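Asks: For reference, the structure I am asking about is given below.
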């Protein structure tokens, strides 16, 4: 009775504890002959089993499987693949999980979570492959199989003897393909680059044909000079003995260059996209370079860039100087004049103070030109204008006496308090009303040599 009670408790613990297993549901395009109970493996190691297969949305298959605690929970980005693990048969399938690298893993898949259809791949059945072939191809394939059978009928002993000699070739091929598939990324890059090379050669087939033709002519020319070639080959041993010393020294130089090569590898990888774009740009530059060649050098007189450059020599002498022009003559006591460019540079430097003084008054100058078209501004009552009159000592004269023959009068004595005299240091914008933000008159923070108090009278 005690043994029966212990066994019942063990069965109960197993049954009740089974609910604590980590499970994941993966959505596949089809179930690929899964029936439940198949292994779930990671890198060939069993980590769980398929628990349930049911129909999902849009005729997809929902496969629920368990994963052992060692691999649970699965990281985001895990892919699931249904694949056979032996020869063709029925229900010999397994679910293979591929875990992402640590730097590409996403959020962990929770217990009872799902792997989307984008991260799953169903097995490809042999029937699916044959279904892609049309009837004529299937009939021709049957003929090929029957032909192979007829060709080996009665010659099995001889064929087996021949296959024995293929063993070294097959072993070498196996090692070769093992090396090729060891670095799939490099193999893929080599195939892509080879495809691009073949495409580039196909697009330049006329040039390739010309290259082959020229190589044929070159080899024919070399063959016609076989006596000279024989003499050159006779001199080759002495050359090789001399080159041996050079090669020994070159080996040491290459060892010194190794650090430079190692340091240049990151830069070379970074330059790969640049050269890829440069290749396309170079291909499009061929017509431009051809046209540029015609611009730089062309037969005839005064019709290309080279001859235009030669014509610039006298101009450069005038521009840079010293020159003897406009009455100056050569001689020890006849100094020459600077060229146009030095004189222009000096004139610009000398005019810098005047330009700096006048620069803040640019709005007044532009407004003066603009007043030829209209004057004043517009407000709610219509067009308005603020006019400032300027008088000097000679502007006021007595009736009947020309202003040139009378002594100057002081405007303040004539107009009294209506005029303000001595306004000779007005700031830019002094004739405009202050909008309230202190922007007029403009003093550039007090750096301008002007008096902000000199403004027109009135509001």
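Asks: Inspect region 171-182 for any residue being surrounded by 10 or more Cβ atoms within 10 Å (Cβ to Cβ), over 30 Å from residue 129 (Cα atoms), free of Cβ contacts under 8 Å to residues at least 24 places away in the same chain and in contact with a helix residue (DSSP H, G or I) (Cβ under 8 Å, 6 or more places away or on another chain) and give the result as yes or no.
Replies: No, region 171-182 contains no residue that is surrounded by 10 or more Cβ atoms within 10 Å (Cβ to Cβ), over 30 Å from residue 129 (Cα atoms), free of Cβ contacts under 8 Å to residues at least 24 places away in the same chain and in contact with a helix residue (DSSP H, G or I) (Cβ under 8 Å, 6 or more places away or on another chain).
Asks: Here is a further query. In region 128-140, how many are surrounded by 10 or more Cβ atoms within 10 Å (Cβ to Cβ) and over 25 Å from residue 30 (Cβ atoms)?
Replies: The number of residues fulfilling the criteria is 2.
Asks: So for region 121-137 (the condition being in contact with a helix residue (DSSP H, G or I) (Cβ under 8 Å, 6 or more places away or on another chain) and in a strand (DSSP E or B)), does at least one residue qualify?
Replies: For region 121-137, residues in contact with a helix residue (DSSP H, G or I) (Cβ under 8 Å, 6 or more places away or on another chain) and in a strand (DSSP E or B): absent.
We did not get these values from a lab; they are worked out from the coordinates using the rules stated. Remember, it's a predicted structure, so these values are computed and weren't measured experimentally. All Cβ positions, even for glycine, are placed from backbone atoms using ideal geometry, and neighbour counts span all protein chains on display.
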